[in-house]
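Taken together, the values in this text are just the output of simple stated rules run on the coordinates, not laboratory data. What you see is a predicted model, and the numbers here were worked out from it, not measured in a lab. Cβ atoms come from the backbone with ideal geometry, glycine included; neighbour counts cover every protein chain shown.
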Amino acid sequence: MTVRILLALAPVAAALYALAIGQDANWDLRNYHFYNPYAFLNDRMGYDIAVSHVATYYNPLMHLPFYWAVKALPPKAVGFLLGLLPGFNIWLLYGIGREAIDLGSPSRNAWTALATALIGMVGVMNLAEVGTSYGDNILSLPVLAAVWLIVRFRMRLAAGLGAGWLAAAAGILTGLPFGLKLPFAVYAVALCAAFFGLALPWRRRFLLALIFGLGVLAGAAATGGFWMAEMWARFQNPVFPYFNHYFQSPWGTVGSYRDERFIPTSLLMWLTFPIWFNIDPMQVGEVGFRDLRFPMLYVLLLALLLKTAKSRIFRSAGSSPAPATPRMPVTGFFIIFVLVAFILWMKLFAVYRYLMVAEMLAPLAILLVLGALVHDPRRQIRAALAGFIVLLITLSPGDWGRRPWAADYFGVDPPPVAEPEKSIVLMAGHDAMAYLIPFFPPPVRFLRIQGYVTGPSAEPNRTDRLMREVIARHEGPLFVLFRVYEEWHAMTALASYGLETDPAACTRFVPRIEPQPEHLFHFCEVRRSGRP
């Protein structure tokens with residue numbers, strides 16, 4: 001009963017924690033989390049151009065609920081929901097733990113499952129994302145539900161009772177977040193591989209993995225198919241602008257567009273990455289943190305590898321076998337899942353936020369690997385408890401920026417535009433500014449003439465050429481919007497278009513949500529300079 005009460009209170013505790021630490025002000029929120037759903041609902045794709053850099057072209061479906069909540073609810077109510085929803089992960093983590101942990105006593109199993117779930121919830125990325133618009137710890141819910149489904153009904157999978165439907169359902173659940181956010185592909189591949197960690201005939205494991213994969217495609221199509229079709233129709237690239245070295249869309253540069261800053265660059269980094277990024281967290285993100293769960297799991301897996309190798313070499317005739325269990329063991333399933341997810345994550349992204357699901361399941365994996373190393377349940381629990389205490393003591397969460405709560409979520413008071421139906425605003429620099437657009441009159445058009453996707457170039461892509469044509473034909477008022485510390489970028493971009501600012505016609509402002517309010521936005525009238 002105590003365990004159930006604690007589980008019931010946990011989501012509310014997460015919501016209250018989100019309120020206590022302040023309102024989210026992260027860069028992506030200001031770049032595209034609020035703008036993209038606004039643009040989708042108001043059909044602004046192609047009207048505004050590249051205003052959120054690469055993220056302009058992300059699937060907007062994921063952030064529609066957030067947009068509606070901000071429009072309809074007070075900021076604290078939005079923050080409460082953004083804490084409450086991730087809090088439900090603990091129910092799934094606990095359910096997975098109850099199915100995976102077998103320590104010989106129902107009470108011991110329940111409390112240990114609760115402990116692994118709680119440690120899973122206090123990972124640095126989950127703590128940093130609670131109350132934010134990132135959504136990784138909300139999209140984790142269907143993935144964890146898929147894990148629970150496989151582990152809960154693994155005996156039915158072994159017996160073939162509805163095995164196909166179970167695998168397909170798990171695949172659909174995993175595919176839904178993949179369709180919304182492409183980095184969740186790592187969990188689709190990892191879960192598909194994890195079927196081979198179940199104690200089943202090889203042919204059945206292969207068939208279940210295949211059915212699961214088809215389910216993933218169906219789930220991804222349900223949430224992301226419409227957007228991929230839209231991107232193909234507009235840009236001849238279903239994941240535009242990514243992988244454009246394959247699709248060769250003229251609307252972007254020929255290149256992958258992937259952010260490869262954090263991907264390991266040497267064999268030593270590859271082999272020691274779980275330890276490396278705890279020494280230097282900037283290897284996997286923009287904020288500092290410390291969380292030793294992956295180094296701990298890494299060391300335990302190395303120990304298990306050595307033990308297994310030694311056992312096979314010497315055949316360990318005198319060693320005591322693992323105790324028999326009436327349930328199919330799942331240690332191999334979780335090892336493969338976490339390991340494959342981690343390796344794919346290193347190869348494709350190495351952005352720590354994208355490791356959210358593996359972070360949540362790492363404590364359970366630690367416990368299970370300890371069980372493979374130490375067969376005595378009491379010693380296993382003591383070792384796990386010691387490890388979890390070390391994790392808690394050394395934990396140092398990241399922070400993407402918070403602001404005090406106020407009556408308005410963004411606090412934007414945009415400068416007036418006298419003729420909005422005739423006006424174009426040119427955006428320059430790399431700062432996140434697209435969240436400002438919904439607060440301007442709807443007829444005002446925004447073009448990002450300089451940023452991560454567009455800008456002055458000796459070989460302009462079709463997007464750049466389109467903006468040049470629009471500006472050349474335009475006869476109404478022109479403005480430029482930039483952050484004060486990016487004035488050089490703005491002036492350089494304007495000069496390449498034959499434009500210049502009117503120093504006497506500039507307005508300076510800064511919304512309340514900005515983490516650095518001392519750096520003002522400049523909104524200036526623009527005139528043609530007469531130079532090419």
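State the extension gain, in nm to one decimal, for the chain segment bounded by Met1 and Phe206, taking 0.36 nm per residue of separation less the distance between their alpha-carbons.
69.8 nm
Let me check against my output: what whole-number percent is the relative contact order of the range 420-528, with C-alpha pairs under 8 Å and at least 6 apart?
29 percent
Among DSSP beta bridges whose residues both lie in the chain, state the antiparallel percentage, nearest 5.
Taking every DSSP beta bridge within the chain, about 60 percent pair in antiparallel fashion.
For the chain, take the longest principal axis of its alpha carbons; what is the angle in degrees between that and the long axis of helix 331-348, to the nearest 10 within 0 to 90?
20 degrees
Short version: ³J(HN,Hα) in whole Hz for each residue of the range 7-20, in order, from phi by Karplus 6.51 cos²θ - 1.76 cosθ + 1.60 (θ = phi - 60°), x for Gly and Pro, what are they?
Result, ordered by residue: 5, 5, 7, 4, x, 5, 4, 5, 5, 5, 4, 4, 5, 5 Hz.
Under 1.5 on a/c is rounded, so check that first for the chain, then, if it is not, pick prolate when a/b is larger than b/c and oblate when it is not; a ≥ b ≥ c are the square roots of the alpha carbon gyration tensor eigenvalues.
Prolate is the answer for the chain, as a/c is 1.5 or above and a/b outweighs b/c.
When all alpha-carbon pairs of the range 14-110 are counted, what percent fall beyond 18 Å?
Taking all Cα-Cα pairs of the range 14-110, the fraction more than 18 Å apart is 60 percent.
Place a point 7 Å from Cα of Met328 in the direction of its Cβ. Which residues in the range 191-214 have their backbone N less than 17 Å from it?
Backbone N within reach: 191-213.
Determine the dipole magnitude for the chain: charges of +1 sit on the beta-carbon of Lys and Arg, -1 on that of Asp and Glu, nothing else is charged, the reference point is the Cα centre, and the result goes in debye to the nearest 20.
2300 debye
Show the residues, 5+ positions off or on another chain, whose built amide H is closer than 5 Å to the amide H of His474.
none
Projected onto the charge dipole of the chain (+1 at Lys/Arg Cβ, -1 at Asp/Glu Cβ, origin at the Cα centre), which of Ile263, Ala495, Pro420 gives the Cα projection farthest towards the positive end?
Of Ile263, Ala495, Pro420, it is Ile263.
Work out how far the C-alpha atoms of the range 1-63 reach from end to end along every principal axis, then list the three figures in whole Å, largest first.
Principal-axis extents of the Cα atoms in the range 1-63, largest first: 56, 21, 18 Å.
What value, in deg cm²/dmol to 500, does the helix sum -39500 (n - 2.57) over DSSP H runs of n ≥ 4 give at 222 nm once divided by the residues of the chain?
On the way: 20 runs with 283 residues, N = 532.
For the chain, the value works out to -17000 deg cm²/dmol.
Can you work out the Karplus-derived ³J(HN,Hα) for every residue in the range 268-278? Use 6.51 cos²θ - 1.76 cosθ + 1.60 with θ = phi - 60°, whole Hz, and x for glycine or proline.
4, 5, 4, 6, 10, 4, x, 7, 4, 6, 7
Starting from the Cα of Arg108, move 7 Å in the Cα-to-Cβ direction to define the label point; list residues of the range 360-382 whose amide nitrogen is under 20 Å from there.
The answer is 364-382, whose backbone nitrogens lie closer than 20 Å to the label point.
DSSP loop (so not H, G, I, E, B), at most 11 other Cβ within 10 Å: list which trypsin sites (Lys or Arg not before Pro) in the range 106-189 pass both filters.
none
Placing +1 at every Lys and Arg Cβ and -1 at every Asp and Glu Cβ, with all other atoms neutral, what dipole size does the range 420-528 have around its Cα centre, in debye to the nearest 20?
Computed about the Cα centre, the dipole is about 300 debye.
Specify whether the C-alpha gyration tensor of the range 93-212 places it in the rounded, prolate or oblate class, a ≥ b ≥ c being the square roots of the eigenvalues: rounded for a/c under 1.5, otherwise prolate if a/b is larger than b/c and oblate if not. Working shown, then result.
Numbers: a/c = 2.53, a/b = 1.16, b/c = 2.18.
The shape class here is oblate.
In degrees between 0 and 90, to the nearest 10, how far off the longest principal axis of the chain does helix 487-496 point, with axes built from Cα atoms?
Tilt of helix 487-496: around 60 degrees.
Which whole-Hz ³J(HN,Hα) couplings does the range 76-85 yield from phi under the Karplus relation 6.51 cos²θ - 1.76 cosθ + 1.60, θ = phi - 60°, glycine and proline marked x?
5, 5, 4, x, 4, 5, 6, x, 5, 4
What percentages make up the Cα-Cα pair-distance distribution of the range 420-528 when the bins are 10 Å wide from 0?
For the range 420-528, the pair-distance distribution reads 14, 50, 31, 5.
May I ask you to compute the full-extension gain from Leu373 to Leu305, defined as 0.36 nm times their residue separation minus their alpha-carbon distance, rounded to one decimal in nm? Numbers along the way, then the final one.
On the way: separation 68, 0.36 × 68 = 24.48 nm, distance 1.00 nm.
In short, 23.5 nm is gained.
Could you tell me the largest-minus-smallest coordinate of the C-alpha atoms of the range 180-276 on each of the three principal axes, in descending order and whole angstroms?
49, 39, 19
For the residue pair Ala407 and Arg468, what label-to-label distance in nm results when each label sits 7 Å from Cα along the Cα-to-beta-carbon direction?
4.9 nm
Give the cysteines in the chain for which no other Cys Cβ lies under 4.7 Å away, or write none if there are none.
When partners are defined as cysteine Cβ atoms under 4.7 Å apart, the chain leaves Cys192 without one.
Rounded if a/c is under 1.5, else prolate if a/b is larger than b/c, else oblate: which is the range 397-481, with a ≥ b ≥ c the root eigenvalues of its Cα gyration tensor?
Oblate is the answer for the range 397-481, as a/c is 1.5 or above yet b/c matches or exceeds a/b.
What angle do you read, to the nearest 10 degrees and between 0 and 90, between the alpha-carbon axis of helix 462-473 and the longest principal axis of the chain?
Once rounded, the angle reads 20 degrees.
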